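The structure appears right after this line, and notes come after that.
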Amino acid sequence: MSQAALASPLSLVPESPILSVADCSKMYGPIVGCRDVSFDLYPGEVLGIVGESGSGKSTLLNCISGRLKPTDGTVSFAVKGGDLADIFSLSEPERRRLQREEWGFVHQNPRDGLRMRVSAGANVAEPLMNLGDRHYGTMREKTIDWLTRVELDIARVDDNPKNFSGGMQQRIQIARNLIHGPRLIFMDEPTGGLDVSVQARLLDLLRGLVRRLGMSAIIVTHDLAVARLLADRLMVMRSGSVVEMGLTDQVLDDPQHPYTQLLVSAVLQI
Amino acid sequence: MSVTPTPPTSNRPSGLPDYNYAYLDEQTKRMIRRSILKAVAIPGYQVPFGSREMPVPYGWGTGGIQLTASLVGPEDTFKCIDQGADDTTNAVSIRSFFAKVADVGTTEATEDATIIQTRHRIPEYQLKEGQIIIFQVPQPEPLRSLEPRETETRAMHAYEEYGLQYVSLYENVSRFGEIAATAGYPVMVDERYIMSPSPIPKFDNPKMHMNPCLQLFGAGREKRIYAIPPFTKVRSLDFEDYPFTVQSWQECCALCGATDSYMDEVVLDDKGNKMFVCSDSHYCAGRRAKGLRGPMADHALAAAAANSAETPS
């Protein structure tokens with residue numbers, strides 16, 4: 001891990017969290033989605049959530065990103081002014097404004113996060129229009145700038161997303177979610193379903209962007225390598241509960257919980 | 001409109017009428033009038049209503065016909081146009097429908113009509129206070145092509161989240177170098193609701209702004225009514241660096257010489273000959289009656305148009 005990556009969480013010493021989750025539970029009838037999850041996320045921090053499929057990672061992410069109302073517990077976000085506000089007691093338009101203007105959400109499947117019927121450029125520019133930008137020229141410039149940053153061929157800016165490969169679509173989705181400078185970004189398996197070389201480039205890109213822009217991120221993944229590369233802190237989930245939490249390197253190099261030990265030892269060494 | 005008019009005489013032996021006055025039953029008309037009142041009270045807001053089966057298929061103007069049926073009375077004068085013309089099949093059929101079921105006087109003269117039902121045009125003559133123009137609407141939701149979920153578009157309207165509408169304009173500029181949308185160009189009504197003006201050409205959009213007449217929109221299949229009350233601000237959306245403009249033509253109307261009206265291109269043969277004529281047939285006929293002549297004023301089409309203008313159906 002680079003010097004900068006190590007330095008950022010230590011040097012920031014932030015006084016108050018940007019997101020605070022307390023006893024968050026989600027039940028689907030008798031079935032547990034996630035149970036009693038609590039954590040704080042500080043500005044500039046990247047939190048990884050790992051666990052096997054069905055462990056409640058995505059349910060938790062949907063709850064804390066305001067897309068799914070938890071059965072119990074609170075999710076508080078530092079709204080402008082610095083005060084923590086429970087996102088589910090905000091009014092619906094206010095919550096939608098947060099989701100639109102201050103957060104980003106990168107879906108596992110780019111087709112869920114992109115408008116497939118409009119061009120890549122319009123997809124990337126949409127958040128700017130949502131924020132009230134009404135000048136085509138400046139939006140176009142920013143769009144092209146961001147497509148360059150995610151290493152896409154700008155000659156194809158007006159192509160439809162369906163004409164791009166899966167990895168390219170994912171990069172369009174990432175550009176779309178970063179262009180408006182959100183303070184917090186949620187990612188659900190951002191590299192799932194991509195081949196390893198594309199994955200590596202995407203991870204490189206994401207790591208650079210997150211570090212350079214100083215935004216906070218929550219990344220759900222089942223890939224420990226992704227977690228190792230991107231996350232400052234790691235949360236290990238099993239059957240809806242958090243079984244272990246700590247600094248990424250600590251959790252991965254010295255796992256305490258039997259399930260984490262199993263998870264770490266299950267990774268193939270090549 | 002306040003008195004319940006007597007239904008047209010019946011051929012039935014029982015003496016009962018074949019149908020209620022203006023085709024719809026009184027309760028239905030009442031329900032539609034309530035929706036109209038709500039629509040007028042909230043300019044540009046789409047009011048759901050219980051659209052009925054009409055004796056024509058969806059897409060042939062069922063929304064407009066229901067609005068007309070709920071408003072028309074025997075003292076009204078009814079005009080119906082399709083693409084600006086009074087003599088097209090649909091316009092003739094709807095006009096004769098109301099002449100039959102509502103015993104209403106019909107006209108082709110824009111200034112004489114109290115109710116004008118239209119598909120795809122606003123007449124060229126300035127409409128007056130007291131007139132009602134009724135638009136037939138295929139798709140009332142301007143955001144639908146970008147957002148298929150009704151729940152989501154309703155929330156967007158409720159919270160004024162209109163960034164998405166600009167995505168379609170952005171697409172246009174990036175594809176064609178200008179806002180190339182020509183019909184159904186989205187408008188902002190009274191700086192609150194974004195509204196689809198029905199597929200009228202954007203040439204007609206400025207006519208909606210501060211118009212003294214009442215503008216009603218009916219979508220039969222989609223079951224929505226919306227309205228622009230008289231003297232309401234209507235603004236066509238655009239970008240700061242790509243302002244809204246309307247279509248213009250190099251040619252004048254071949255029959256009447258008009259340069260200020262919306263033109264239809266008429267292909268004359270398979271050798272590339274064509275002519276441009278006013279889409280508003282009444283406007284064109286009126287100019288010709290005043291002796292104004294275009295470069296092809298003696299063309300056979302002019303005679304045909306004059307004939308139909310003289311013999312109202």
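The values are calculated or read from the model by the stated rules, or taken from the named source; none is laboratory data. Bear in mind the structure is a predicted one, so any value in this text is a computation, not a measurement. Positions of Cβ are generated from backbone atoms using ideal geometry, with glycine treated the same way; all protein chains shown enter the neighbour counts.
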So A:THR191 ticks every box in (1) more than 15 Å from A:HIS107 (Cβ to Cβ); (2) among the β-branched types (Val, Ile, Thr); (3) assigned to a loop (DSSP other than H, G, I, E, B) but one. Which box is left unticked?
(1)
If a residue must be under 13 Å from the mean Cα position of the chain (by Cα), surrounded by 24 or more Cβ atoms within 10 Å (Cβ to Cβ) and either at pLDDT 95 or above or in a helix (DSSP H, G or I) (or both), how many such residues does the stretch B:54-81 contain?
8
Here are A:ARG117, A:ARG67: which of them is within 14 Å of chain B (Cβ to nearest Cβ), closer than 22 Å to A:MET235 by Cβ and surrounded by fewer than 17 Cβ atoms within 10 Å (Cβ to Cβ)?
A:ARG67
Flag for A:PRO161 being within 14 Å of another protein chain (Cβ to nearest Cβ) and either buried (at least 16 other Cβ atoms within 10 Å of the Cβ) or on the phi < 0 side of the Ramachandran plot (or both):
yes
B:VAL277 passes all but one of the listed conditions (1) away from every other protein chain (no Cβ under 14 Å); (2) in a loop (DSSP other than H, G, I, E, B); (3) over 24 Å from B:GLY130 (Cα atoms); the exception is number (2)
Take A:GLY137 and decide whether it is without any contact (Cβ under 8 Å) to a residue 24 or more places away in the chain, at positive phi and either within 14 Å of chain B (Cβ to nearest Cβ) or not aromatic (Phe, Trp, Tyr) (or both).
no
Condition broken by A:ARG207, with the remaining ones in (1) part of a helix (DSSP H, G or I); (2) crowded, with 20+ Cβ neighbours inside 10 Å; (3) more than 12 Å from chain B (Cβ to nearest Cβ); (4) in contact (Cβ under 8 Å) with a residue 24 or more places away in the chain satisfied:
(2)
Selected residue [closer than 23 Å to A:GLN169 by Cα, small (Gly, Ala, Ser) and buried (at least 16 other Cβ atoms within 10 Å of the Cβ)] from A:ALA200, A:ALA225, A:ALA217
A:ALA217
Would you confirm whether any residue within the stretch B:133-149 is within 14 Å of chain A (Cβ to nearest Cβ), exposed (fewer than 14 other Cβ atoms within 10 Å of the Cβ) and assigned to a helix (DSSP H, G or I)?
no
Residue count for the stretch B:144-169, restricted to those that are farther than 16 Å from A:LEU114 by Cβ and either touching a residue at least 40 places away in the same chain (Cβ under 8 Å) or touching a helix residue (DSSP H, G or I) at 6+ places or on another chain (Cβ under 8 Å) (or both):
11
Of those in the stretch B:175-191 that are out of contact with any His (no Cβ under 9 Å at 6 or more places or on another chain) and in a strand (DSSP E or B), the residue nearest to the other protein chains (Cβ to nearest Cβ) is B:MET188
Could you tell me whether A:MET245 is touching a Ser or Thr at 6+ places or on another chain (Cβ under 6 Å), in contact (Cβ under 8 Å) with a residue 12 or more places away in the chain and more than 25 Å from A:ARG111 (Cβ to Cβ)?
no
Quick one: count up the residues across the stretch A:223-270 that are within 17 Å of the chain's Cα centre (by Cα) and part of a helix (DSSP H, G or I).
8
Can you name the number of the only condition in (1) touching a helix residue (DSSP H, G or I) at 6+ places or on another chain (Cβ under 6 Å); (2) away from chain B (no Cβ under 13 Å); (3) free of Cβ contacts under 8 Å to residues at least 40 places away in the same chain; (4) not aromatic (Phe, Trp, Tyr) that A:SER89 fails?
(1)
In the set A:GLU151, A:GLU101, the lone residue that is away from chain B (no Cβ under 11 Å), within 28 Å of A:GLU45 (Cα to Cα), touching a residue at least 12 places away in the same chain (Cβ under 8 Å) and among the acidic types (Asp, Glu) is A:GLU151
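Go through the stretch B:199-246 and count every residue that is in a strand (DSSP E or B) and either closer than 30 Å to A:ARG140 by Cβ or of a type in the set (Asp, Glu) (or both).
Within the stretch B:199-246, residues that are in a strand (DSSP E or B) and either closer than 30 Å to A:ARG140 by Cβ or of a type in the set (Asp, Glu) (or both) number 6.
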Is there any pair with a first residue in the stretch B:243-256 that is farther than 21 Å from B:ARG287 by Cα and a second that is aromatic (Phe, Trp, Tyr) whose Cβ atoms are under 7 Å apart and which are 6 or more apart or on different chains, and what are they?
B:VAL246/B:PHE203; B:GLN247/B:PHE203
How about the stretch B:155-169: which of its residues are loosely packed, with under 14 Cβ neighbours inside 10 Å and more than 8 Å from every other protein chain (Cβ to nearest Cβ)?
B:GLU160
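Taking the stated definitions as given, is A:ASP112 within 14 Å of another protein chain (Cβ to nearest Cβ), loosely packed, with under 15 Cβ neighbours inside 10 Å and within 17 Å of A:ARG171 (Cβ to Cβ)?
Against the criterion (within 14 Å of another protein chain (Cβ to nearest Cβ), loosely packed, with under 15 Cβ neighbours inside 10 Å and within 17 Å of A:ARG171 (Cβ to Cβ)), A:ASP112 qualifies.
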Against the definition (polar (S, T, N, Q) and touching a residue at least 40 places away in the same chain (Cβ under 8 Å)), how does A:SER197 come out, yes or no?
no
So which residues in the stretch A:208-231 are farther than 18 Å from A:SER265 by Cβ, touching a Ser or Thr at 6+ places or on another chain (Cβ under 8 Å) and basic (Lys, Arg)?
A:ARG211
Just checking, which of A:ILE144, A:ILE172 is more than 8 Å from chain B (Cβ to nearest Cβ) and surrounded by fewer than 22 Cβ atoms within 10 Å (Cβ to Cβ)?
A:ILE144
Go over the candidates B:ASN172, B:ASN211 one by one and state the one that is surrounded by 16 or more Cβ atoms within 10 Å (Cβ to Cβ) and away from chain A (no Cβ under 14 Å).
B:ASN211
Take the stretch B:216-245 and flag every residue that is loosely packed, with under 15 Cβ neighbours inside 10 Å and away from chain A (no Cβ under 14 Å).
B:PHE231, B:THR245
